[in-house]
Amino acid sequence: MAVKVEIPTALRSFTEGAARVDVEGVTVAQALGGLADRFPGLRRHLFTEDGHVRSFVSVYVNDEDIRYLGREATPLKGGDTVRIIPSIAGGSPGAVAYPSLSRLGRPPAPGAPKGLTREQLRRYSRQLLLPEVGVSGQRKLLGAKVLVVGAGGLGSPLALYLAAAGVGKLGLVDFDTVDESNLQRQVLYTTPDVGRAKLEAAEGHLKALNPEVNVVRHEGRLTSANAFEVLSGYDVVVDGTDNFPTRYLVNDAAVLLRKPVVYGSIYRFEGQVTVFDAKSGPCYRCLYPEPPPAGLVPSCAEGGVLGVLPGIIGTLQALETLKLILGKGDSLLGRLLLFDGLTGSFHELKVRKSPDCPICGPTPTQTKLIDYEAFCGVGATPSGPEITPRELKEQLDAGAPVSLVDVREPGEFELYHLPASRLIPRAQLADRLGELSTADDLVLVCKMGGRSAQAAEFLRSMGFAKVRNLKGGLDAWTADVDPSFPSF
């Protein structure tokens, strides 16, 4: 019966490069024996002289280790997958001798095809050893032009690894300055950078890492007015943004310019990675046709993120970018990779090109860039009454019977909150309406005013007439009323 054997990279040189091989066998021993018969060079790597699987090779049937099944006698059924997992080395090479760099190449003679300098051979030696890269692949990297939109949590590992790999032109788009709260996850920056413009600091660190890389700073916000000009000078666009208006703008501009986008997003312990390319697959709007209502989805600034998570997702984005440049491997185009840091698990979902997509579908209804803040509802006037921090302070000082309801999550509330406010997380409002009175003068509070505006609208729909939203949230309270009040 036919089963599939997955061949690890370390052994593919013995299978003519094949990553998967179909073999016949009713047991693991028969399947691996048939594989070794077809590719004799594998036998000494898989079996001892007496025919047993070597101790430094683990074999799995589907997701189970055969040592806890029936070892080599483990039965197989049609469609099973046998995975060979050999031990591999990594880290410091110690005293291991590596091939002379002269074997990889040397500076070209006058008139010869352009190659690599001796300095480049030394710098990129470990990836030059990869058959998928080699000298020709490294030349592709050196000639590549990549734009990273956002130099924050995702942009930091992205930029570092792309620069280290030798991407020739690396564009960065950002408008922010380095804040102390960035340092927990934005590993491109150091403590002395606090207060500096991010792109100024980023360029210095990236040039220190690899002086060959041409770092191009695009300081300021990416807008509908400048997006075409900025994106047009690059081969690949990498989305490291943290807000929906810029994310839709990046997608739409890339679709209209026919450029691929390497997408990543993070929240708390979870992340997403995929590749969008409307020329041959879906775009971001095929996955998410419309943005969520403003304030409905908390940002990392509101919901938090474990610092290592953007490193994982940003590094995966860098990997996908390098694969696109090299033209090697299977990109994540059409596949959404989900990562859950709490369980340490990955899950993959299909993403199809939507026939109804307004920008990349067969009959697009959008042929130009739009007002993305309006599209995402950012800056829209709240549907209900608001109160400014100064007005609230005056009422509290005057002893007005104001009832403060904080709709953030318990972890946020524990860090800081206004005195006399009570915690009812927005997600629990529907179940805890009995704790509120329609006769009370309610003021709803969150970090930035978005979640509380949504909560206030819900309460009004449930018959609470005396509900106001704290405009700008606790961030505005810190800025306008009490600078000593915490703000993260």
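The values are calculated or read from the model by the stated rules, or taken from the named source; none is laboratory data. Predicted model only: the values in this text are computed from it and were never measured. FYI the Cβ positions are ideal-geometry reconstructions off the backbone, even for glycines, and counts take in every protein chain you see.
Is there a residue in segment 207-216 that is over 22 Å from the mean Cα position of the chain (by Cα) and farther than 27 Å from Leu326 by Cα? No, because not a single residue in segment 207-216 is over 22 Å from the mean Cα position of the chain (by Cα) and farther than 27 Å from Leu326 by Cα. Here are the criteria: (1) buried (at least 18 other Cβ atoms within 10 Å of the Cβ); (2) at pLDDT below 90; (3) of a type outside the set (Asp, Glu). Tell me which single one Leu337 does not satisfy. Leu337 satisfies all of (1) buried (at least 18 other Cβ atoms within 10 Å of the Cβ); (2) at pLDDT below 90; (3) of a type outside the set (Asp, Glu) except (2). The sole residue among Gly171, Gly166, Gly195 that is assigned by TED's automatic domain parsing to the domain that holds Arg126 and loosely packed, with under 14 Cβ neighbours inside 10 Å is Gly195.
Selection over segment 321-351 of residues that are out of contact with any helix residue (DSSP H, G or I) (no Cβ under 7 Å at 6 or more places or on another chain) and farther than 23 Å from Val146 by Cα gives a count of 11. Of the residues making up segment 13-28, those that are in a strand (DSSP E or B) and touching a Leu at 6+ places or on another chain (Cβ under 9 Å) are Val21, Val23, Thr27. A Cβ distance below 6 Å, combined with a sequence gap of six or more or placement on separate chains, defines the contacts here; from segment 123-149, residues that are farther than 18 Å from Leu209 by Cβ reach residues that are acidic (Asp, Glu) and buried (at least 20 other Cβ atoms within 10 Å of the Cβ) in the pairs Val149/Asp239.
Taken together, the criteria exclude Leu209 from residues that are hydrophobic (A, V, I, L, M, F, W, C), modelled with pLDDT of 95 or more and either touching a His at 6+ places or on another chain (Cβ under 8 Å) or buried (at least 23 other Cβ atoms within 10 Å of the Cβ) (or both). All conditions but one from (1) in a helix (DSSP H, G or I); (2) closer than 18 Å to Gly311 by Cα apply to Leu172; the one that does not is (1).
Just wondering, is there one or more residues in segment 188-199 that are over 27 Å from Glu229 (Cα atoms) and under 23 Å from the mean Cα position of the chain (by Cα)? Yes; the residues of segment 188-199 include at least one that is over 27 Å from Glu229 (Cα atoms) and under 23 Å from the mean Cα position of the chain (by Cα).
When the test is whether a residue is modelled with pLDDT under 90 and either surrounded by 15 or more Cβ atoms within 10 Å (Cβ to Cβ) or charged (D, E, K, R) (or both), Pro86 passes it. Is there any pair linking a residue in segment 175-200 that is among the small types (Gly, Ala, Ser) to one that is assigned to a loop (DSSP other than H, G, I, E, B), with Cβ under 9 Å and at least six apart or on different chains, and which? If the second residue must be assigned to a loop (DSSP other than H, G, I, E, B), the pairs left are Ser181/Phe488; Gly195/Val178; Gly195/Asp179; Ala197/Phe175; Ala197/Asp176; Ala197/Val178.
Just a yes or no: is a residue in segment 229-243 surrounded by fewer than 23 Cβ atoms within 10 Å (Cβ to Cβ), charged (D, E, K, R) and closer than 22 Å to Met448 by Cβ? Yes, some residue in segment 229-243 is surrounded by fewer than 23 Cβ atoms within 10 Å (Cβ to Cβ), charged (D, E, K, R) and closer than 22 Å to Met448 by Cβ.
Residues considered: Thr15, Thr48. Of these, the only one that is surrounded by 13 or more Cβ atoms within 10 Å (Cβ to Cβ) and not aliphatic (A, V, I, L, M) is Thr15.
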